[in-house]
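One structure is given here, and the rest of the page talks about it.
The values are calculated or read from the model by the stated rules, or taken from the named source; none is laboratory data. Since the structure is predicted, the reported quantities are computational estimates derived from the model, not experimental observations. Positions of Cβ are backbone-derived with ideal geometry, glycine not excepted, and every protein chain shown enters the neighbour counts. To get the accessible areas, we keep the full protein, side chains included, count just its heavy atoms, and leave off ligands, DNA and RNA. Shrake-Rupley method; radii C 1.70, N 1.55, O 1.52, S 1.80 Å.
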Amino acid sequence: MVSKRFIDSNQWTYGNDRDNFVQKFTKMKLKKLFLWIALFSICLNAQSQNNFQNIKGQVSDKQSKEYLIGASVVIIGFETRFAAITDGDGKFKISDVPAGRYDLKIRYIGYKEIILYNIQVTSGKEVSLEIDLEENINSLKEVSVTATKKNETINEMTSVSARSFSTEEVNRYAGGRADPSRLAANFAGVSTPDDSRNDLVIRGNSPTGVLWRIEGLNIPNPNHFSTIGTTGGPVSSLNTNVLNNSDFFTSAFPSEYGNANAGVFDLSFRKGNSDKREHTLQFGALTGLEAMTEGPINRKKGSSYLIAYRYSFTGFAQSLGLSIGTTATPFYQDLAFKVNGARTKFGTFTFFGLAGTSKITFDHNEVDTTDLFADPTRDSYFTSKMGLGGISHFIRAGKRSYFKTVLGATYSASEYDEDTISVLTNTASRALENKVTQIRYILNTSYNSKINSRLFLKFGFIEELIHLNLFYRHLYNSPTWRQFWDFDDYTSLLQAYAHAKISLNSRLVLNAGLHSQFLTLNKSFAIEPRLGLKYKVNSKSTFSAGYGMHSQMQPTDVYFYRTQLSDGSYESTNESLDFTRSHHFVLGYDLLPWNDWRIKAEVYYQMLNNVPVSVDPSSFSMLNNGASFAPNEESYLTNSGTGTNYGIEFTLEKFFSKGYYGLITATLYESKYKGSDNVERNTAFNGKYVYNILVGKEYKFGKTKRHRFNIDAKLTSAGGRHYTPVDLAASQIKGQEVLLGDAYAFSERNPAFFRFDLKLGATINSSKRKLAHTIFFDIQNVTNTKNVFAQRYNPITNKINTAYQIGLFPNFVYKIQF
């Protein structure tokens, strides 16, 4: 028996309490907060300085990371006024640039010329860029090739199904909530038709198949209110003011990534300003109060720091009468930092960290009888914590090679307790306890070598020492405690890989690699080939193909689920489960018809095997894991299930230029599986289609046209997910939800999801000072569409009720940079 409250505490969809501390703080301190911000702005305006800014950065060889001396960097259209040449450390600075958007051209003899579009300059912050150039194969014979970085990834070992993104995009798009996951949902092949959480369904795969990597450390879940076995949550703990440009992969990813069957998010934190101190203050209805500071530690040596803190103010939104999807007040806060050391003969050291905590409480005294999950006889409490910290070391091994090593740890913990309330005495009695702690000690090291302009090699090793403490028991339907988890021990996941990028000629590039992984818990082992090919027809069009075999360990709670035997003892019946394995096949075509336009199409086919299913004939399959957020309670699983995902994707993108942008993505797909009964069914994530349309326009205003007004809109339509209907008669007899049998598994489908978001914003650049104000209103679900979340049995009403997702929500954010 799984408590509905446990499920809901992880999705913010329903609940019935307000966190008294946050609510009280909000009402008493809100006026003082706005007064403090206003006074602080006045003090800033009293300073005397100019409002021009600098564009600076560092230019390196893309493969060897060697600094390029003498590279030319110019602002297109202002070549004689704004230009720079890189120095002995590859650094450049273009000074006294007015606020606006600019395109940069970077040139270096023997290398492909690139253009960086849409570089946004504000009065409040310097622009810092890390630019990589790719060497021409026949540098003395070939004419320099012009390209745009927009359609490339940071990881150059990619051939198919990958996309880079910037923090500017995360903050620009309507409905994004400053969340990288919700940004990725705009890309082809990705679906998140759930307002309450940011779980990513990539090409029909379960969200649990996504790998999150931050600064080289694999982290189970970088979200607030997260639980074991999930990769999403209601609120991201990643502060977009700290993030650097990052990569997102949806299939056949390079060999350095393992233990994932669906996709990869490879994120990093940006460097702090090494020349001067800069600060950011931000207030948002959802993201809360944020403060960030950065600056040099030693200007001469180039070391710097960056630190950001965020404190939630969801109680403020509720006090205005805005629904955030629950009447309980969620509380969360997080801290992120990065310290970049100076370059020495021992290499360059970088320290980084991220920590977050969250909690929510449901009180039986404050229930809404219309709430689907209202229960006046129970109190429940949920808390979660997450974090990571580490040290990164970069050192050269000759002119064309280097080692990069990351040593660190990730931490995730959650606790859910539930009390039953006596109707007669109104006293509480503990009925359920669920406590999870997971610590991963990680070593990630790689050797990278540019043999010549045609051949680049990368070899690496990753070890994750996993310390698990799992405890789960309850008293429901039993006079004594039933223990489902009771584990406190270590296991390790070892991974090794080798990858080669071979430029066969100026048009044809081959990416080939091998990845292997070994789980010490039960000796599971896999060797996975990866292969990618890109053929450049001309300067505008490219064909690509990719194949990858991928393996993933099961969620850790699945391995250690304990089955109670007839004699009262317990047995871990799932501990010997092997990896789930998959084969990815992808064909793609990429066209750049004009400088700032892109058309892309991909077709894919994925075969999954070795999927855990029940020993006895059943519809159960781990491919549906993540459809709900309850702990796994399936025992005696075996690796005999299968699945298939296939589809076609289309992207039409107008990169931001000339004051506007556009993005249209369309995906048609199927996601099927077979359980141990060998019957093919829809997976829970088979929405069949996803369409996104995003457009935006920027207007200049003011005497010198230095201010900006933005209008952004987003329209999303997605097929409803499949589900197993409720057996009402059986539920009424038992007093709790009972689903229909295997014959009805995932036979019903929710109505289609539709949402229209509109965002209005302005950036005000000071005319006399290095100061910028930004404010925007992000009106989510403008049409107030009642998108169905689920059909659930309500023991209070004794009926099947429909739970709906969040309606119209006008989020707002104010930011000041100085």
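Observations on the structure shown:
- Sole exception among (1) open to solvent by less than 60 Å² (accessible area, probe 1.4 Å); (2) of a type outside the set (Ser, Thr, Tyr); (3) more than 29 Å from Glu256 (Cβ to Cβ); (4) touching a Gly at 6+ places or on another chain (Cβ under 9 Å) for His515, by number: (3)
- Hits in region 539-572 - residues which are surrounded by fewer than 21 Cβ atoms within 10 Å (Cβ to Cβ) and under 16 Å from Gly588 (Cβ atoms): Lys540, Ser541, Thr542, Phe543, Ala545, Tyr547
- From the options Lys93, Lys56, Lys65, residue that is touching a Lys or Arg at 6+ places or on another chain (Cβ under 9 Å), open to solvent by 60 Å² or more (accessible area, probe 1.4 Å) and part of a strand (DSSP E or B): Lys93
- Residue-level check: of (1) modelled with pLDDT under 90; (2) polar (S, T, N, Q); (3) out of contact with any Lys or Arg (no Cβ under 7 Å at 6 or more places or on another chain), Thr287 misses just (3).
- Search result, residues across region 156-194 that are in a loop (DSSP other than H, G, I, E, B) and either under 22 Å from Phe283 (Cβ atoms) or among the aromatic types (Phe, Trp, Tyr) (or both): Tyr173, Ala174, Gly175, Gly176, Arg177, Ala178, Asp179, Phe187
- Region 410-447: number of residues that are of a type in the set (S, T, N, Q) and in contact with a Gly (Cβ under 9 Å, 6 or more places away or on another chain): 5
- Considered as a group, the residues in region 518-538 that are out of contact with any Ser or Thr (no Cβ under 7 Å at 6 or more places or on another chain) and within 30 Å of Trp597 (Cβ to Cβ) include one that is most open to solvent (accessible area, probe 1.4 Å), and that residue is Leu531.
- Residues that are among the β-branched types (Val, Ile, Thr) and buried (at least 17 other Cβ atoms within 10 Å of the Cβ) within region 68-81 comprise Val73, Val74, Ile75, listed in sequence order.
- Among the residues here, Glu680 qualifies as acidic (Asp, Glu), free of Cβ contacts under 8 Å to residues at least 12 places away in the same chain and open to solvent by 20 Å² or more (accessible area, probe 1.4 Å).
- Among the residues of region 410-455, the ones that are open to solvent by 20 Å² or more (accessible area, probe 1.4 Å), at pLDDT below 95 and of a type in the set (A, V, I, L, M, F, W, C) come to 3 in all.
- Qualifying residue in region 680-694 (condition: assigned to a strand (DSSP E or B) and under 19 Å from Asn118 (Cα atoms)): yes
- Counting only residues that are open to solvent by 40 Å² or more (accessible area, probe 1.4 Å) and farther than 30 Å from Val558 by Cα, region 636-677 holds 7 of them.
- Filtered residue count, region 371-404, keeping only those that are modelled with pLDDT under 90 and out of contact with any helix residue (DSSP H, G or I) (no Cβ under 6 Å at 6 or more places or on another chain): 8
- Residue check, Leu238 within 27 Å of Thr774 (Cβ to Cβ) and assigned to a strand (DSSP E or B): no
- Only one of Ser384, Ser429 that is of a type in the set (S, T, N, Q), part of a strand (DSSP E or B) and in contact (Cβ under 8 Å) with a residue 12 or more places away in the chain: Ser384
- Filter pass, Asn639 being touching a residue at least 60 places away in the same chain (Cβ under 8 Å), touching a Gly at 6+ places or on another chain (Cβ under 7 Å) and outside any loop (DSSP other than H, G, I, E, B): no
- Search result, residues across region 591-610 that are buried (at least 18 other Cβ atoms within 10 Å of the Cβ) and within 25 Å of the chain's Cα centre (by Cα): Arg598, Lys600, Glu602, Tyr604, Gln606, Leu608
- Once region 261-285 is narrowed to residues that are assigned to a strand (DSSP E or B) and of a type in the set (Asp, Glu), the residue that is farthest from His515 (Cα to Cα) is Glu278.
- Yes/no for Ala328 being in a loop (DSSP other than H, G, I, E, B), surrounded by 23 or more Cβ atoms within 10 Å (Cβ to Cβ), modelled with pLDDT of 95 or more and of a type in the set (A, V, I, L, M, F, W, C): no
- Tallying residues that are within 30 Å of Glu135 (Cβ to Cβ), hydroxyl-bearing (Ser, Thr, Tyr) and within 30 Å of the chain's Cα centre (by Cα) within region 479-529 yields 1.
- Residue count for region 729-772, restricted to those that are touching a residue at least 24 places away in the same chain (Cβ under 8 Å) and more than 30 Å from Gly175 (Cα to Cα): 12
- Strands (runs of 3 or more DSSP E) completely within region 734-795 that count 1 or more residues being over 30 Å from Gln120 (Cβ atoms) and open to solvent by less than 50 Å² (accessible area, probe 1.4 Å): 753-765, 788-794
- Top-ranked residue in region 286-309 [being part of a loop (DSSP other than H, G, I, E, B) and within 19 Å of the chain's Cα centre (by Cα); ranked as farthest from Pro529 (Cα to Cα)]: Leu286
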